[in-house]
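To start, the structure under review is shown below, and the notes come after it.
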Amino acid sequence: MSAIESVLIENRVFPPSEALVKAARISGMAGYEALCAEAEKDFTGFWGRLARENLTWDKPFTRVLDESAKPFYKWFDDGMLNASVNCLDRHMGTPVENKTAIIFEADDGAVTQVTYKQLLARVCQFANALKAHGVQKGDRVLIYMPMTIEGVVAMQACARLGAIHSVVFGGFSAKALQERIIDGGAVAVVTANYQMRGGKELPLKAIVDEALAMGGCESIRNVFVYERSASACPMQAGRDKTFAEVLKGQPTECAPVSVEAEHPLYILYTSGSTGKPKGVQHSTGGYLLQAKLTMDWSFDLQPSDVFWCTADIGWVTGHTYCTYGPLAAGATEIVFEGIPTFPDAGRFWQMIERHKCSVFYTAPTAIRSLIKAAETHDAVHPRHSNLSSLRIIGSVGEPINPEAWMWYYKNVGGERCPIIDTYWQTETGAHMINPLPGATPLVPGSCTLPLPGIFPAIVDETGHEMPNGTGGMLVYKKPWPSMVRTIWGDPERFKKTYFPEEMKGYYLAGDGAVRSADRGYFRVTGRIDDVLNVSGHRLGTMEVESALVAKTDLVAEAAVVARPDELTGEAICAFVVLKRSLPHGAEADKIAKELRDWVAKEIGPIAKPKDIRFGENLPKTRSGKIMRRLLRSLAKGEAITQDTSTLENPAILDQLGQTH
Ligand code: 6R9
């Protein structure tokens with residue numbers, strides 16, 4: 001049975017325990033429904049109330065929502081605030097001041113802690129350093145950092161100055177970095193000399209150098225280098241400076257720059273259906289509101305909680321649930337530098353025990369790989385760690401299959417902790433559809449119901465709503481405060497991608513979904529566009545195709561599709577036509593490796609195709625269109641049952657069946 005089929009017949013229900021219902025911030029379905037009803041009755045009144053209650057405003061807003069230029073919605077737009085004030089200064093003079101903000105565990109196991117007060121001082125110091133180098137409100141700062149306290153500090157320091165950060169995941173290539181520097185017009189790069197992962201020292205600064213040497217990055221004035229490792233790295237005099245150099249003598253106080261609620265807090269690039277990644281632009285006020293609120297709602301955050309989101313700051317989950325949400329909510333959070341399998345695959349469970357983590361938030365792909373590890377090597381099974389501190393566990397990034405859900409529920413959550421399966425996107429900024437710990441009965445594999453104030457629906461291609469039980473496209477009928485504001489530098493693409501005419505003003509998420517006939521629960525079935533989801537990471541098929549055909553000495557044509565994969569959710573399967581004769585055996589393997597390495601250099605190792613298949617041609621219709629549905633069947637190893645009569649070259653199907 002396929003994962004999707006098993007999800008559709010899922011009928012186990014897990015209601016929250018009475019104790020949780022009693023103690024939770026939103027108590028029982030009645031509590032949830034009351035908030036939903038408030039939002040329905042007075043949409044702007046609801047969001048206005050929450051924005052006043054949850055954020056500190058330098059100048060209060062008088063307008064909640066301005067729809068005059070829709071779909072370019074504005075929220076709280078005559079209000080002024082600062083994001084770092086809302087994450088740090090807000091807690092000064094309260095009991096949170098001396099509370100641990102971050103417990104940092106390094107790759108090698110070394111632990112460092114900072115309180116809110118100390119973190120504020122570090123953010124101010126780094127903000128002063130940026131300021132001393134001319135960084136101002138509205139400037140773009142590219143951050144290419146490992147998971148460290150300094151990574152969070154760099155982001156918060158930008159926010160303090162009203163500078164717009166653009167974080168690029170440390171696994172992306174020099175080429176990807178260069179594209180993002182150019183698109184965003186960044187004035188500075190914040191990086192580290194090396195990053196430590198799995199006991200290995202990997203260069204970061206050298207990749208920045210490579211990116212800058214590719215040209216077109218003349219906007220960059222400075223590169224700030226955090227000395228994560230004692231090993232030296234090349235430094236260009238005048239341009240490159242170490243953290244130690246620039247922090248020296250900087251005061252630990254820095255007046256925050258108050259910005260308009262709509263002022264961009266950050267740009268984060270994500271994949272779409274073309275080869276060019278989109279710079280998703282987020283606001284300050286609306287974004288921060290939902291980052292903070294969802295900590296309270298989805299994770300029922302309590303003052304004593306130790307929160308751990310395992311995502312990297314290079315992804316949206318790391319932005320909202322490492323850098324902004326937990327700090328805005330005054331939580332103690334764990335920041336982890338390393339990987340889940342080093343020194344062994346019990347690392348997560350050992351860390352939960354070591355730091356008494358109470359709210360744990362990770363991705364299905366990590367869970368699946370740790371299940372496999374625990375099944376083959378019992379010593380890393382979670383049963384060997386004391387996980388009794390856990391009260392809530394979460395999932396994000398891709399659909400979680402019921403088998404992995406049950407394992408997570410039993411072995412990590414001790415059949416006691418609700419699994420909060422959070423469905424959302426880079427573009428939504430924060431959680432959209434997920435259960436609430438003290439309210440929603442859980443169904444494995446379902447993200448259940450929308451958060452209060454969020455109005456999703458399932459529609460057909462013409463925007464008509466589908467009855468429960470019938471699949472369709474997921475849309476949102478109303479805007480929400482933390483929604484994407486535009487695509488950096490490309491408002492037309494923003495409109496076309498998210499608000500296409502057929503959708504009647506609804507936001508099109510790009511995912512397929514179905515609501516259950518009985519409860520109206522949502523199940524997200526996966527992307528309906530050309531976006532792949534490999535280990536919870538978004539990649540465009542076109543992006544990988546463009547990378548392959550850029551190897552002009554070897555590749556004539558390439559088509560990329562996804563196939564289901566037990567571990568990574570989806571895997572990339574590339575069909576390649578070479579500029580030479582069809583290779584066989586060891587030679588084919590060698591070329592396949594060369595192509596994988598090439599893609600890793602063009603985009604990053606996460607984009608390496610798992611399967612590569614060579615053919616003298618691709619299956620095309622007589623009008624020259626690549627028949628992707630056939631490629632998908634071939635990738636899955638299915639028998640071809642589709643009609644191939646329109647195929648120009650049917651013999652090609654046999655050739656393309658072979659994987660390298
Ligand atoms: C937060 C994040 C977004 C895409 C999204 C969907 C998939 C994320 C999911 C999920 C099913 C969940 N997705 N969470 N699918 N259930 N709980 O992952 O953002 O990297 O932009 O990816 O991921 O397909 O459209 P992002």
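The values are calculated or read from the model by the stated rules, or taken from the named source; none is laboratory data. The structure displayed is predicted, hence computed values, not measured ones. Here the Cβ is made from the backbone with ideal geometry for all residues, glycine too, and neighbour counts use every protein chain on show. Surface areas here come from the heavy atoms of the whole protein model, side chains and all, with no ligands, DNA or RNA. Shrake-Rupley method; radii C 1.70, N 1.55, O 1.52, S 1.80 Å.
Quick notes on this one:
- Residues being in contact with a helix residue (DSSP H, G or I) (Cβ under 8 Å, 6 or more places away or on another chain), buried (at least 20 other Cβ atoms within 10 Å of the Cβ) and over 30 Å from T148 (Cα atoms) are entirely absent from region 95-112.
- Residue, farthest from the ligand (Cβ to nearest atom), within region 492-510, restricted to residues that are touching a residue at least 60 places away in the same chain (Cβ under 8 Å) and of a type outside the set (G, A, S): K495
- Scanning region 190-200 finds one or more residues that are within 18 Å of D312 (Cβ to Cβ) and free of Cβ contacts under 8 Å to residues at least 12 places away in the same chain.
- Of all residues in region 311-351 being open to solvent by 10 Å² or more (accessible area, probe 1.4 Å) and among the polar types (S, T, N, Q), the one that is farthest from the ligand (Cβ to nearest atom): Q350
- Leading residue by the ranking (nearest to C447 (Cα to Cα)) among those in region 533-549 that are of a type in the set (A, V, I, L, M) and touching a helix residue (DSSP H, G or I) at 6+ places or on another chain (Cβ under 6 Å): L539
- Scanning region 352-367 for residues that are open to solvent by 10 Å² or more (accessible area, probe 1.4 Å), part of a helix (DSSP H, G or I) and farther than 17 Å from D312 by Cα yields E353, R354, H355.
- Region 241-250, residues that are over 31 Å from the mean Cα position of the chain (by Cα) and open to solvent by less than 70 Å² (accessible area, probe 1.4 Å): Q250
- Those strands (runs of 3 or more DSSP E) lying entirely in region 251-326 with at least 2 residues at positive phi: none
- Residues satisfying the stated conditions in region 56-81, i.e. outside any loop (DSSP other than H, G, I, E, B) and open to solvent by less than 60 Å² (accessible area, probe 1.4 Å): L65, D66, W75, M80, L81
The rows are residues; the columns are (1) within 9 Å of the ligand (Cβ to nearest atom); (2) part of a strand (DSSP E or B).
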{"residue": "I393", "(1), (2)": "no, yes"}
{"residue": "Y408", "(1), (2)": "no, no"}
{"residue": "D421", "(1), (2)": "yes, yes"}
{"residue": "H431", "(1), (2)": "yes, no"}
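- For R523, the conditions (1) farther than 30 Å from V599 by Cα; (2) basic (K, R); (3) open to solvent by 40 Å² or more (accessible area, probe 1.4 Å) all hold with the exception of (3).
- Residue within region 281-302 that is open to solvent by less than 10 Å² (accessible area, probe 1.4 Å), charged (D, E, K, R) and either in contact with a helix residue (DSSP H, G or I) (Cβ under 9 Å, 6 or more places away or on another chain) or over 30 Å from V396 (Cα atoms) (or both) present: yes
- Elements of the type strands (runs of 3 or more DSSP E) sitting completely within region 151-248 and holding at least 1 residues that are touching an Asp or Glu at 6+ places or on another chain (Cβ under 8 Å): these cover 164-167, 188-192, 194-197, 222-226, 240-242.
- Criterion: within 16 Å of the ligand (Cβ to nearest atom) and surrounded by fewer than 22 Cβ atoms within 10 Å (Cβ to Cβ) - qualifying residue of E415, E427, E461, E403: E403
- Check on A635, of a type outside the set (S, T, Y), under 30 Å from the mean Cα position of the chain (by Cα), open to solvent by less than 10 Å² (accessible area, probe 1.4 Å) and farther than 18 Å from E543 by Cα: yes
- Look at region 48-70: where a residue is touching a residue at least 60 places away in the same chain (Cβ under 8 Å) and a partner is charged (D, E, K, R) and part of a loop (DSSP other than H, G, I, E, B), sitting 6+ places away or on another chain with Cβ atoms under 6 Å, you get F61/D78.
- Among the residues of region 485-513, those that are within 30 Å of P609 (Cα to Cα) and open to solvent by less than 20 Å² (accessible area, probe 1.4 Å) comprise I487, F494, Y498, A509, G510, D511, G512, A513.
- Filtered by the rule that a residue be within 16 Å of the ligand (Cβ to nearest atom) and either assigned to a loop (DSSP other than H, G, I, E, B) or over 21 Å from the mean Cα position of the chain (by Cα) (or both), region 511-520 gives V514, R515, S516.
- Scanning region 368-386 for residues that are open to solvent by 10 Å² or more (accessible area, probe 1.4 Å) and more than 26 Å from the chain's Cα centre (by Cα) turns up E375, T376, H377, D378, A379, H381, R383, H384, S385, N386.
Let's see how each residue does on (1) of a type in the set (D, E, K, R); (2) in a helix (DSSP H, G or I); (3) more than 30 Å from M214 (Cα to Cα):
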{"residue": "A574", "(1), (2), (3)": "no, no, no"}
{"residue": "R596", "(1), (2), (3)": "yes, yes, no"}
{"residue": "T641", "(1), (2), (3)": "no, no, yes"}
{"residue": "T659", "(1), (2), (3)": "no, no, yes"}
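- Every condition in (1) touching a Ser or Thr at 6+ places or on another chain (Cβ under 7 Å); (2) open to solvent by 40 Å² or more (accessible area, probe 1.4 Å) is met by P467 except one, and the failing one is (1).
- Filtered residue count, region 598-632, keeping only those that are assigned to a helix (DSSP H, G or I) and open to solvent by 50 Å² or more (accessible area, probe 1.4 Å): 6
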